[in-house]
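Novice: Quick one: the structure is below, questions incoming.
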Amino acid sequence: MTPPAPLPSASLAAFAPDEADQRVWMDYLDAVSLVPGEALFHASDTADAMFLIEFGTLVVVLEVEGAGRSELRRLGAGQFLGEMALYRSGSRTATVEAVGPVTLWRLTAEKLRAMESRHPHLAIALHRHVASLLSERVRFSNRELKEPLARLAHALRGLATSDFSDTGWDRASVVKEAQRSDEVGSVAQATEFLFKHLQQHITALQQQTAAREAIESELRIAGEIQSSFLPPPLSVAERQRVDFSAFIKPAREAGGDLYDGFFLPDGRFFTLVGDVSGKGVSAAVFMALAAMAVRTLAPKVTDPGALLAQVNRLLCERNETMQFVTACAVFFDPATGELTWANAGHPLAAVISASGVLTWLEGPRAAPLGVFEETAFATQRHTLAANETLLVYSDGVSEAMDAQSTLFGSDRIQQCLAGSTLTASSQTVERIVGAVLAHQAEAPQADDITLVALRRVP
């Protein structure tokens, strides 16, 4: 390296005002020259010397893994750096680079010890000057680093307590500090970046919440409309002829299950349980269509198989969404106890004795409604004895799951009724629903739960 020009007295005047002392100093200083961009030292390098800048500008850079480089400070002619290396061995805490051509003088800790023994008055003068430099560094740290960082911390706390709004916190301080090019500026810029992105996220979240609330409101309305399709309670006179109870619990606001129960013009009682494929609005709309078709056609058709065939043709004609519905339709004559039913892909119905013994009504099950237009549905017959109860349910009962995804199953239906004395259809419904909900416990409801119980009055 080429030695720089003779050191101007101003560079040493602070602690060596005498020219003779300055000439002595020249014996202890090594010349250093840097080209633009060259590093004087890097962070983690061994610290063993102090430097005096004669000409040019140095930049102090903090390099953080994963966060890039941040400019801390710039130093010019007549300033010192690395003075702590004279007093303790260790590693550099930052990288120092030349902004342009730079010339410096280097004083090592070893040469300072030699000066202390030969020229103690010069060493003492240097120690005093270094002490004043350290004091200035502390003032700089407080003024330029700690106080701005404290303001930024206060602004961040205010941002949080203001629910990330535009007002109610010291954003002006953040904007001001973001103009800086050091690490304080980086923190302020990151805070401003965070705020803007939080605002965008909150705005998007508000829009999504509004849209979701609108959908949920529509679903609630759809659920209310859907509930209007359910049959009204039987009159006192009707309850003297047939004991009928039902339960329905959609898995969502609007479900895909349906049931019905009403007297026909010929004195028979009609009941049906259906289960539309899928969930949500599309299932609810398809359910409404099926429910209206059943209620309209049932009084005009005397045979359950023929009824399901007509409903099936109607649904096939209007099934652009390719949905289907399983169903079990039952005609019951209270005078004779005769049951006639037809099954369209639905779980088997069952007959329950007064003592709780369950017998499945085995028989053929055709394809669900809405699949094949020409499907035939066989009508089947059974006679219900006095105090016996017909049970029809959707698969949301047998397929109810607990937290371990264990199905309720048809066996548990038998178990929860076994040994019971059932004197009303409502008892049958309450016992089964209670067992299903207890099995499900805290697990989310996976499917709509629907069941009807029809008991022959003695």
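The values are calculated or read from the model by the stated rules, or taken from the named source; none is laboratory data. Predicted model only: the values in this text are computed from it and were never measured. Here the Cβ positions follow ideal geometry from the backbone for every residue, glycine too, while neighbour counts run over all protein chains shown.
Novice: Run down SER405, SER353 and say which single residue is of a type in the set (Gly, Ala, Ser), surrounded by fewer than 17 Cβ atoms within 10 Å (Cβ to Cβ) and at negative phi. Steps first, please.
Specialist: Details: SER405 fails: at negative phi.
Exactly one residue qualifies, and that residue is SER353.
Novice: Something else: Which one of these is of a type outside the set (D, E, K, R) and in contact with a Lys or Arg (Cβ under 9 Å, 6 or more places away or on another chain): SER44, SER117, SER70, SER91?
Specialist: It is SER44.
Novice: Right, here's the next one. Please determine whether any residue of region 372-394 is in a helix (DSSP H, G or I) and under 33 Å from the mean Cα position of the chain (by Cα). Can you show your working first?
Specialist: Filtering region 372-394 for residues in a helix (DSSP H, G or I) gives none.
So far as region 372-394 goes, no, none of its residues is in a helix (DSSP H, G or I) and under 33 Å from the mean Cα position of the chain (by Cα).
Novice: Scan region 200-250 for residues that are at pLDDT below 80, surrounded by fewer than 13 Cβ atoms within 10 Å (Cβ to Cβ) and part of a loop (DSSP other than H, G, I, E, B) and jot them down.
Specialist: SER228, the sole residue that qualifies.
Novice: Could you check GLY278 against (1) outside any helix (DSSP H, G or I); (2) surrounded by fewer than 18 Cβ atoms within 10 Å (Cβ to Cβ); (3) over 35 Å from the mean Cα position of the chain (by Cα) and say which number it fails?
Specialist: Condition not satisfied by GLY278: (3).
Novice: Taking helices (runs of 4 or more DSSP H) that do not extend beyond region 45-163, which have at least 2 residues that are touching a residue at least 40 places away in the same chain (Cβ under 8 Å)?
Specialist: Working: elements: 109-118, 120-140, 147-161.
Correct list: 109-118, 120-140.
Novice: A follow-up question, please. Considering only region 132-141, I want to know if a residue exists there that is of a type in the set (Asp, Glu) and not assigned by TED's automatic domain parsing to the domain that holds SER33. Don't jump to the end; show me each part of the working.
Specialist: Taking region 132-141 and keeping what is of a type in the set (Asp, Glu), we get 136.
Next cut, not assigned by TED's automatic domain parsing to the domain that holds SER33 only: 136.
Yes, there is a match, as at least one residue in region 132-141 is of a type in the set (Asp, Glu) and not assigned by TED's automatic domain parsing to the domain that holds SER33.
Novice: Test of understanding: among VAL397, VAL429, which residue is in a helix (DSSP H, G or I), out of contact with any Pro (no Cβ under 9 Å at 6 or more places or on another chain) and assigned by TED's automatic domain parsing to the domain that holds PHE244?
Specialist: Values: VAL397 fails: out of contact with any Pro (no Cβ under 9 Å at 6 or more places or on another chain).
The conditions single out VAL429.
Novice: Does GLN323 qualify as being out of contact with any strand residue (DSSP E or B) (no Cβ under 9 Å at 6 or more places or on another chain), assigned to a loop (DSSP other than H, G, I, E, B) and closer than 26 Å to LYS279 by Cβ? Step through it out loud before you land on a result.
Specialist: Details: out of contact with any strand residue (DSSP E or B) (no Cβ under 9 Å at 6 or more places or on another chain): no; assigned to a loop (DSSP other than H, G, I, E, B): yes; closer than 26 Å to LYS279 by Cβ: yes.
When the stated conditions are applied, GLN323 does not pass them.
Novice: Which residues, counting only those in region 51-82, are under 20 Å from ARG128 (Cα atoms) and out of contact with any Phe, Trp or Tyr (no Cβ under 6 Å at 6 or more places or on another chain)?
Specialist: The answer is PHE51, ILE53, GLY78, GLN79, PHE80.
Novice: Hey, among ALA39, ALA20, which residue is small (Gly, Ala, Ser) and either at pLDDT 90 or above or touching a helix residue (DSSP H, G or I) at 6+ places or on another chain (Cβ under 8 Å) (or both)?
Specialist: Values: ALA20 fails: either at pLDDT 90 or above or touching a helix residue (DSSP H, G or I) at 6+ places or on another chain (Cβ under 8 Å) (or both).
ALA39 is the lone residue from the list that is small (Gly, Ala, Ser) and either at pLDDT 90 or above or touching a helix residue (DSSP H, G or I) at 6+ places or on another chain (Cβ under 8 Å) (or both).
Novice: Next question, about the same structure. Quick one: what pairs do we get from region 440-451, first residue hydroxyl-bearing (Ser, Thr, Tyr), second assigned to a strand (DSSP E or B), C-beta under 6 Å, 6+ apart or different chains?
Specialist: THR450/ILE248; THR450/ASP257; THR450/TYR259; THR450/VAL273
Novice: Hey, another quick one. Look through region 330-371, keep the residues that are of a type outside the set (A, V, I, L, M, F, W, C) and assigned to a strand (DSSP E or B), and return whichever of them is farthest from the chain's Cα centre (by Cα). If you could, list the steps in order and put the result at the bottom.
Specialist: In the first step, residues of region 330-371 are kept if they are of a type outside the set (A, V, I, L, M, F, W, C); the result is 333-334, 336-338, 340, 343, 345-347, 353, 355-356, 359, 362-365, 368, 370.
Still in the list and also assigned to a strand (DSSP E or B): 338, 340, 343, 359.
Working: GLU338: 55, THR340: 51, ASN343: 43, THR359: 47 Å.
The extreme case among them is GLU338.
Novice: Also, quick follow-up: Looking at (1) under 24 Å from ARG456 (Cα atoms); (2) at pLDDT below 95; (3) of a type in the set (S, T, N, Q); (4) touching a helix residue (DSSP H, G or I) at 6+ places or on another chain (Cβ under 7 Å), which is the one condition that is false for THR340?
Specialist: All conditions pass for THR340, except number (2).
Novice: Return the total of residues in region 112-133 being touching a Leu at 6+ places or on another chain (Cβ under 8 Å) and modelled with pLDDT of 85 or more. Let's see the steps before the verdict.
Specialist: If we filter region 112-133 for residues that are touching a Leu at 6+ places or on another chain (Cβ under 8 Å), which is where we start, we get 112, 115, 123, 126, 130.
In the following step, the residues that additionally are modelled with pLDDT of 85 or more were identified as 112, 115.
Summing the residues that are touching a Leu at 6+ places or on another chain (Cβ under 8 Å) and modelled with pLDDT of 85 or more in region 112-133 gives 2.
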